[in-house]
Amino acid sequence: MAVVALLICTLALYEQHKGIYREVQAQTLATMQDVALRNKKGVEKELYNTQKLLSDITAVIQLRYPNIESDSDLKDIVPELKRFASTYGFKRMGVILPNGITYTTDSYVYDLSNEDAYLYGMQGLPNVTESLQDEIGLPDWINVFSRPLFNQSSEVIGVIYAVYHTKSFKELLTLDAFEGEGYSYIINTDGQVVSDSKNAPMYGTQNLLDSLLSMDKQNAETVSRLKDTMATHSDTYDTFEASETQYLYCAPLEAELLHTSWYLLTMVPANVLDSRVAPILQHQNKFLLIIMTVIAAMFIYLIVSYRKDAHTLHNLAYVDPLTGGDNYAYFLEKLPRMATGGYMVALDLSEFKLINSICGSAKGDLVLKSIWNILNKHLEKDELAAHKSADQYVMYLHAVAKDVLLARLRFICGEITSLAEQHNTVQISPYFGIYETTDTSNPEECYTRALQAKKLAKDDTKKNWAFYEDVDVEAITEKKQLVDHFDTAITNNEFEVWYQPKYDVESHRIVGAEALVRWRTADGTLIPPYRFIPLFERNGMIVTLDEYVFTTVCKQMKEWERQHKHLFPISINVSRASLYYEFILERYTEILKAYDVDPALVPLEVTESATINNQQIQELVERFRLAGFPIYLDDFGNGYSSLATLNMMHFDTIKLDKSLVDYIGDSKGEKLLRYTIKLAKSLGMKITAEGVETENQVKFLQTLHCDEIQGYYFSRPLPLAEFEQLI
Ligand code: C2E
Ligand code: CA
Ligand code: CA
């Protein structure tokens, strides 16, 4: 904006100058015309007066000497003329006899038969000559005014003339305007100089137009233009080049006695104009200088505040508020412009939450800031680091051999871990995911890969770093696809519920079933639950899926009831994540109500790991029980199990994990099984054995009075249609 203002000002200034210049130029030209016309009047008057004087003198002579006829009579008037000459200041006067011989008042006698005075005079015409060098007497410049002398019968009998000092014209022509720098010439049609003003440069007293031509090539045009206007007998302005540019005003002189035309040329050097303009411009410039200074100051102020704003903006965009160092946005922006080839390193801290919760978040922030300082300190030229978020950092380090890189990271790691002692906090354990790349054009993708490697490092018990090369990319992409398609899968009913029947140990008749989910993708592939359940448990999608299965089973139960089929309890798996969902009990009872299903027909399977050590979940499970849902303890004996759990909570049924069932045949294992079943039974819980595959196992479980058997020995999980055939 300020730039525009300055520009406008400069333009205005320029226009102003031009305007002033034009104005003064117009004034100067007007003055020039004024002066020229005044001079012209003066010269014209002088010509007229001198001629009139001569005519009066001639009249007096004719009166005095009415009978002049002969040459001797003419000679007689010379003394008379002498008086007039001295009275009126002529250089001399004279009379020319018809034969061309003149007798002058200063006593010269010579031939003038070739001169204009004689030639015009004898034709009865008055005349004035151009300036001539006086050939007699003092060699100064003269103009000769002449008139014929008539006898009584009006015949020309001779010529009377007066010699006029050219310098009298000079006086007339001299200009009082233009600080003495202006000057003028009188010239005739050919350019011949009649007279010049006092201070006129001697451009040549002979021919002014010729000397103009010889002074500068450019004057050729001026001269040709001048000649044209002179021919039309009109006034004109023009310029010409002498040592400098000059203005010129040309006006024709009007005088009766002129046989050739005379022109008055007034000339002023162009710099006279400048000297007139200068003071005005100086004044103007001062004023504008003040204005421009004000604008410039404003401009500088604007720039400074803009810079300040830009700086603030930069800080907002690129500075991490916690560490005061570069943020991830800056990292992303900068990386593609750096030398390619190097390592993208994702850094994380395990269990950083502990520092915040045990030592306070102020301590936590201090540690995060210190870590940034360490990273930043270790950066070499063309390396980058940024605080990504929370306890996450990213670095871009030079391409070096892997062991060199690892040595660097170990060193950095050492400094970071020593922060615990320095700041008196719990242990700080960094771990790194490393992606080696030659292409940094897509930094986010590089970072994602480093993150995948970091995940691997997190699960690694032997080292705290991992390279992207070791990441099972396919598994990751598959997982990502599954997660991405979850929502559409739910809406498109891609999840199928299969049923695995449970059999009575004694009668070998179906007494119930477990609902197990499968994913039939759009292209017909069936994805088993181990591929997606753990994934959805981690990201919480399992809550939706569990509810979906629960709803499907309830709906199915209602359908069977409508078909008057015998109704078996169908147990449903509820994952640990679902139990954390606040309104699960309300949701499930609502669904029950919607399909009018007895909760006794939809027992819920929960795992021991979900309930152990969590008071809240134990209470929730208890509330489910009170709402009428039988609760099964799933996967009992798969490692986490402790018999103590059985004492702490009441379950309706214990589901023995396949790993326990597989002990059958081993005496120690059988013993463990026997005790477990005995304990559960004594606590009033029923027993279901899972993963039963052999007749042997069935027989053994019979002897232990296990209640129900679920396993491939009797049946695999079946799709709805097959299960319906079975019941
Ligand atoms: P689970 O709850 O322990 O389910 C029993 C699993 O053992 C089923 O695997 C079943 O097919 C398998 N199985 C049954 N009898 C035998 C046998 O004799 N031999 C062998 N080798 N396996 C047997 P499935 O259907 O692949 O399900 C795997 C796990 O996925 C389930 O283990 C359960 O934890 C989870 N799951 C399945 N459906 C759901 C669900 O709707 N919600 C939740 N939260 N988890 C589910
Ligand atoms: Ca189960
Ligand atoms: Ca199980």
Q | Beta bridge orientation in the chain: antiparallel %, DSSP, nearest 5 | A | 80
Q. Does anyone have the angle between helix 584-595 and the longest principal axis of the chain? Alpha-carbon axes, 0 to 90°, nearest 10?
A. 70
Q. Once a ≥ b ≥ c are taken as the square roots of the eigenvalues of the Cα gyration tensor of the stretch 561-681, is the result rounded (a/c under 1.5), prolate (a/b larger than b/c) or oblate (a/b not larger than b/c)?
A. oblate
**Q.** Whole-Hz couplings from phi, Karplus 6.51/-1.76/1.60, listed for the stretch 229-246; x for Gly and Pro
**A.** 5, 4, 5, 8, 6, 10, 7, 7, 9, 6, 10, 8, 9, 10, 6, 8, 6, 10
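Return the loop-located trypsin sites (Lys or Arg not before Pro) in the stretch 430-485 (DSSP other than H, G, I, E, B) with at most 16 other Cβ atoms within 10 Å of their own Cβ; answer none if there are none.
Sparse-neighbourhood loop trypsin sites (Lys or Arg not before Pro): K462, K463.
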Q) Distance from the Cα centre of the stretch 300-322 to that of the stretch 151-223, in angstrom? A) 77
Q. Taking the Cα-to-Cβ direction at D228 and at T544 and moving 7 Å from each Cα, how far apart do the two end points lie in nm?
A. 9.3
(Q) Of H378, N464, M344, which is farthest towards the positive pole of the stretch 328-468's charge dipole, taken about the Cα centre with +1 and -1 on the beta-carbons of Lys, Arg and Asp, Glu respectively? (A) N464
Q: Measure nothing fancy, just the Cα-based angle from helix 529-539's long axis to the longest principal axis of the chain, in degrees from 0 to 90, nearest 10.
A: 60
Q: Select from the stretch 46-116 those chymotrypsin sites (Phe, Trp or Tyr not before Pro) which occupy a DSSP coil region and have at most 14 other Cβ atoms within 10 Å, ordered by residue number.
A: Y108
Q) How do L112, L626, L97 stack up against each other in accessible area, from largest to smallest, with a 1.4 angstrom probe? A) L626, L112, L97
Q) Where nothing but the Cβ of Lys and Arg (+1) and of Asp and Glu (-1) is charged, how large is the charge dipole of the stretch 328-468 around its Cα centre, in debye to the nearest 20? A) 160
Q.
With only alpha-carbon pairs counted, each pair once and no self-pairs, how large is the Kirkwood hydrodynamic radius of the chain in angstroms?
A. 38.9
Q. Roughly how many percent of the accessible protein surface of the chain is carbon and sulfur, given a 1.4 Å probe and a whole-percent answer?
A. 54
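If contacts are Cα pairs under 8 angstrom and at least 6 residues apart, what is the relative contact order of the chain in percent?
7
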(Q) For a 32 Å ceiling on Cα separation, which of these pairs sit above it: K388/K463; K369/K462; K334/K462; K502/K555; K463/K655? (A) K334/K462; K463/K655
Q: Post the alpha-carbon centroid distance, the stretch 592-648 to the stretch 482-544, in whole angstrom.
A: 19
**Q.** Summed residue charge, Cβ within 14 Å of R623's Cβ, Lys/Arg positive, Asp/Glu negative
**A.** -2
Q) If you place +1 on the Cβ of every Lys and Arg and -1 on the Cβ of every Asp and Glu, how big does the dipole about the Cα centre of the chain come out, in debye to the nearest 20? A) 2300
Q. So if we plug the beta-carbon distance of D34 and H314 into 1/(1 + (r/R0)^6) with R0 = 56 Å, what FRET efficiency do we get, rounded to 0.05?
A. 0.25
Q. What length, rounded to one decimal in nm, is gained on full extension from S667 through to K45, with 0.36 nm per residue of separation minus their alpha-carbon distance?
A. 208.2 nm
Q: Answer with one residue from P430, F299, N573: the one whose Cα lies farthest towards the positive end of the charge dipole of the chain, charges on Cβ with Lys, Arg +1 and Asp, Glu -1.
A: N573
Q) Whole-Hz Karplus ³J(HN,Hα) for the stretch 446-452, in order, using 6.51 cos²θ - 1.76 cosθ + 1.60 and θ = phi - 60°, x for Gly and Pro? A) 4, 5, 4, 5, 4, 5, 5
Q.
I'd like the projected area of the stretch 417-476, averaged over all directions, using the convex hull of its alpha carbons. Report it in nm² with one decimal.
A. 5.5
Q: Of the options C250, Y263, A317, report the single residue whose Cα projects farthest towards the positive end of the charge dipole of the stretch 234-340 (beta-carbon charges: Lys, Arg +1; Asp, Glu -1).
A: A317
Q: Report, by chain and number, residues whose modeled amide H sits under 5 Å from the one on E496, excluding near sequence neighbours (fewer than 5 apart, same chain).
A: R518, W519, R520
Q. About its Cα centre, what dipole magnitude does the stretch 193-317 give when the only charges are +1 on Lys and Arg Cβ and -1 on Asp and Glu Cβ, stated in debye to the nearest 20?
A. 880
Q) Semi-axes of the equivalent ellipsoid of the stretch 328-468: what are they in whole Å, largest first, if each equals the square root of 5 times a C-alpha gyration tensor eigenvalue? A) 25, 16, 14
Q. Share of Cα-Cα pairs in the stretch 442-557 beyond 22 Å, in percent?
A. 51
Q) Going by average Cβ neighbours within 10 Å, how do the peptides 505-514, 602-611 rank, with the highest at the top? A) 602-611, 505-514
Q. Which net charge results for the neighbourhood of L526, defined as the other residues with beta-carbon distances under 9 angstrom from its beta-carbon, given Lys and Arg at +1 and Asp and Glu at -1?
A. +1
Q) Using only Cα atoms, what is the ratio of the radius of gyration of the stretch 631-727 to 2.2 N^0.38 Å? A) 1.10
Q | Linear extension gain, Q702 paired with N492, 0.36 nm per residue minus alpha-carbon span | A | 71.2 nm
Q) Tell me, what is the percent relative contact order of the stretch 29-274, built from C-alpha pairs under 8 Å that lie six or more residues apart? A) 18
Q) Cα gyration tensor of the stretch 497-613, axes a ≥ b ≥ c as square roots of the eigenvalues: rounded (a/c below 1.5), prolate (a/b > b/c) or oblate? A) rounded
Q. Counting DSSP beta bridges with both partners in the stretch 341-470, what percentage is antiparallel, nearest 5?
A. 85
Q: Report, by chain and number, residues whose modeled amide H sits under 5 Å from the one on V511, excluding near sequence neighbours (fewer than 5 apart, same chain).
A: K502, Y503, D504
Q | Karplus-derived HN-Hα couplings along the stretch 398-409 (A = 6.51, B = -1.76, C = 1.60, θ = phi - 60°), whole Hz, x at Gly and Pro | A | 4, 6, 9, 4, 4, 5, 5, 4, 4, 4, 4, 5
Q: In nm, give the distance between the simple-model label positions of S429 and R518, each being 7 Å from the Cα along the Cα-to-Cβ direction.
A: 4.1
(Q) Please give me the summed charge of the neighbours of V400: other residues whose Cβ is under 15 Å from its Cβ, Lys and Arg +1, Asp and Glu -1. (A) -1
**Q.** Distance (nanometres) between label positions extended 7 Å along Cα→Cβ at T461 and M298
**A.** 7.5
Q.
Rounding to the nearest 10 and keeping the result within 0 to 90°, find how far the Cα-based axis of helix 667-682 lies from the longest principal axis of the chain.
A. 90
Q. How much area per residue is accessible in the chain when the probe is 1.4 Å and only protein heavy atoms are counted (Å²)?
A. 51
Q: Mind listing the long-range amide H neighbours of T245? Cut-off is under 5 Å, sequence gap 5 or more, other chains count too, H placed in the peptide plane at 1.01 Å from N.
A: A270
Q) For the stretch 29-274, what number results from the quotient of the Cα radius of gyration and 2.2 N^0.38 Å? A) 1.11
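The values are calculated or read from the model by the stated rules, or taken from the named source; none is laboratory data. This one's a predicted model, so the numbers in the text were calculated from it and none came from an experiment. Every residue, glycine among them, receives a Cβ derived from its backbone with ideal geometry; neighbour counts consider all protein chains shown. Surface accessibility is based on the protein's heavy atoms, side chains included, excluding ligands, DNA and RNA. Shrake-Rupley method; radii C 1.70, N 1.55, O 1.52, S 1.80 Å.
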